[in-house]
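The values are calculated or read from the model by the stated rules, or taken from the named source; none is laboratory data. The shown structure was predicted, so the numbers you read here are calculated from the model rather than taken from an experiment. Here the Cβ positions follow ideal geometry from the backbone for every residue, glycine too, while neighbour counts run over all protein chains shown. All accessible areas refer to the heavy atoms of the entire protein, side chains included, with ligands and DNA or RNA removed. Shrake-Rupley method; radii C 1.70, N 1.55, O 1.52, S 1.80 Å.
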Amino acid sequence: MPNELTYLNGIAYYAFVHKPSRGYAGEEGKYEISLIPDADSMKIAKALKININDPKETIPGPHIKAKSKFMPNVVDTDGKEIPKTLLIGNGSRVSLATRVYQNPTKGYKPSCTLVGVQVIELIPYVDIEKSSESTTNVFGKVKGGFTIKEFMENQEIPFDDKKEGVKDDLK
């Protein structure tokens, strides 16, 4: 069982597959992904007694966490490598290649080592804080709505005799 690949399909959450997650309290991060398995994969997981985590606030269903110290192979449905700049967002449909292993600590259920990820349906992850988009331009224009430029053009600024400054910034 340790060298045999087990394939699990489902919906991805928190896919740290191109760079490791942040470790806790000085620990080194790991490559990892949480998977809400589809019905067939849930049967496989239960048959192998893989640890299945309960739903939580940020992952809406029972899920399996697969981890690795090494970067997994991440491909599309043609088997072509996905660039490391394209991040996999929550809700993407994926297939995981894993190796199931028994944790030597007594009482622990078997876990999954992450070997590869095939993206079936991608929902790209966009980090608004780091992307070229910001919270000021994620909305489209609303015709006839409020604009700061129009508002400022119609205001008298009592402390600005020259009518410069703030209005100039809005041109």
Check your understanding: For segment 54-65, does any single residue satisfy the condition of being among the β-branched types (Val, Ile, Thr) and under 15 Å from residue 118 (Cβ atoms)?
Key -> no
Review point. Has segment 22-39 got at least one residue that is over 18 Å from residue 109 (Cα atoms) and touching an Asp or Glu at 6+ places or on another chain (Cβ under 8 Å)?
Key: no
Review point. In segment 89-106, is there at least one residue being open to solvent by 60 Å² or more (accessible area, probe 1.4 Å) and touching a Lys or Arg at 6+ places or on another chain (Cβ under 7 Å)?
Key: no
Study note, to complete from the structure: Filter segment 25-44 for residues that are open to solvent by less than 30 Å² (accessible area, probe 1.4 Å) and touching a Gly at 6+ places or on another chain (Cβ under 6 Å); the one that is nearest to residue 7 (Cα to Cα) is 41
Check your understanding: Looking at residue 98, is it among the hydroxyl-bearing types (Ser, Thr, Tyr) and in contact with a Cys (Cβ under 6 Å, 6 or more places away or on another chain)?
Key -> yes
Check your understanding: Counting only residues that are assigned to a loop (DSSP other than H, G, I, E, B) and within 18 Å of residue 30 (Cα to Cα), which one in segment 52-84 is least open to solvent (accessible area, probe 1.4 Å)?
Key -> 72
**Study point:** Hits in segment 64-81 (condition: under 15 Å from the mean Cα position of the chain (by Cα) and farther than 17 Å from residue 52 by Cβ)
**Key:** 74
